[in-house]
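Taken together, the values in this text are just the output of simple stated rules run on the coordinates, not laboratory data. On a predicted model such as this, the values are computed, not experimentally measured, just so you know. Using ideal geometry, Cβ is built from the backbone for each residue, glycine included, and neighbour counts are taken over all protein chains shown.
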Amino acid sequence: MTSATLDHYVLISALLFAIGLFGVLLRRNTLVVFMCLELMLVASTLALVAFSRFNGTMDGNVFVFFILTVAAAEVAVGLAIIVALFRKRQTIQLNELNSLKN
Amino acid sequence: MANFLFYAFAFFTVATAAGVVASKNAVNAAMCLLLSLVGVAGLFVALNAYLLAFLLLLVYAGAIVALFLFIVMLLDMKETESRGFGKLSLAAIILAAGLLVTGLSTLVTRGHLDTGNPALTPALGTDIKLYSYQLFTTYLLPVQVMGFLLLIAMLGVIVLSKRWEGSDDVT
């Protein structure tokens, strides 16, 4: 068992990102799609922290700070939009939200 | 020992992330997301970024997943996830999965990111003083912008969730 290198961390990060992307593409429940988006954000933070650790810099770590802040704001606004949508349409299934088509 | 922890947390994180995508119930998906975030926090600890691991647990697991669960239970939607895919989407899925496997296997077999020995590289993430130093010197403007972003997000959420006079709510 070799020591965990940057490659390992980037691989895990890429896997997480890919899983999140597949969730966004495959699921039709808006809430689950949103969770998968969060998963993609976390995957990118993992890559940033790993690069920061293995290069001996601080910038990646500080960026993760900002990503956390933006994610918190994004989730608040997104969930408010979903609740407003549910109030208006009584559904949050993506394939039923097609009122912009024609 | 550290290696074993890395592999355990990595496996745990990826498995629970797959659970987010695979679980039919939104509550289960949120719980899997929580576990996956705990796994990522463990990986942060393995990378010596203790403060970030703590913040990840606090902000994501504490606030965001709780918010998700709150909304999932508030909305109480019916479980009618239709699982059929058209021919075009199916082809796209297969193509995307193939590209993904190719890319990841290339990363594993050939990718060799040029880095120094981690034992020799200083683990800057352990030092909390460095975070504050960076935040108050190099990244001072982004910190201010983040403050405004949070303010605007708060106002936006209030506006979005307020019931306006004359709006045609169904309920």
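Annotation: amide H-H contacts under 5 Å for A:N29 (H modelled 1.01 Å from N, sequence separation of 5 or more, or interchain): A:L94.
Rounded to the nearest Å, what's the spacing between the alpha carbon centres of segment B:124-148 and segment A:14-43? Just the number, please. After rounding, the separation between the Cα centres reads 29 Å.
Are there any helices in chain B, counted as whole DSSP H runs, that stretch 27 Å or more along their axis by Cα and score at least 1.0 on average by Kyte-Doolittle, and if so which?
B:2-22, B:26-46, B:87-109, B:140-161
Length gained on full extension, B:A66 to B:V108, computed as 0.36 nm times the residue gap minus the Cα-Cα distance: 11.6 nm. Relative contact order of segment A:6-91: 26 percent, from C-alpha pairs under 8 Å at least 6 residues apart in sequence. The helix-based estimate of mean residue ellipticity at 222 nm for the protein assembly as shown, built from -39,500 (n - 2.57) per DSSP H run of four or more residues and divided by its residue count, is -24000 deg cm²/dmol to the nearest 500.
Please check: in the Gaussian network model of chain A (C-alpha springs, under 10 Å), which one of A:G56, A:G78, A:G20 has the largest mean-square fluctuation. Result: A:G56 has the largest fluctuation of those listed. With contacts taken as Cα pairs under 8 Å and at least 6 residues apart, chain B reaches a relative contact order of 17 percent. Exposure proxy shown here: for B:L151, A:L100, A:L46, the number of other Cβ atoms within 10 Å sets the order, fewest to most, as A:L100, B:L151, A:L46. For the pair B:S132 and B:L58, a Förster radius of 25 Å applied to the C-beta separation gives a FRET efficiency near 0.90, rounded to the nearest 0.05. Seen against the Cα atoms of chain A and their longest principal axis, helix A:6-26 is set at about 10 degrees.
Here, the protein assembly as shown is characterised by an Rg to Rh ratio of 1.00, where Rg is the alpha-carbon radius of gyration and Rh the Kirkwood radius.
Considering only A:L37, A:L48, A:L68, the Gaussian network model of chain A with Cα springs below 10 Å gives its largest mean-square fluctuation to A:L68. Label separation (B:A2 vs A:R87): 5.1 nm, computed from points 7 Å beyond Cα along the C-beta direction. Legend: ranking of residues B:I158, A:I92, A:I12 from fewest to most surrounding C-beta atoms inside 10 Å; resulting order B:I158, A:I92, A:I12.
What's the extension gain from B:L141 to B:W164 if we count 0.36 nm per residue and subtract their Cα-Cα distance?
4.7 nm
Taking B:L56, B:L155, B:L34 as the candidate residues, the one with maximal mean-square fluctuation in a Gaussian network model of chain B, Cα springs under 10 Å, is B:L155. For the residues of B:37-44, the average number of beta carbons from a partner chain within 10 Å of their own beta carbon is 4.
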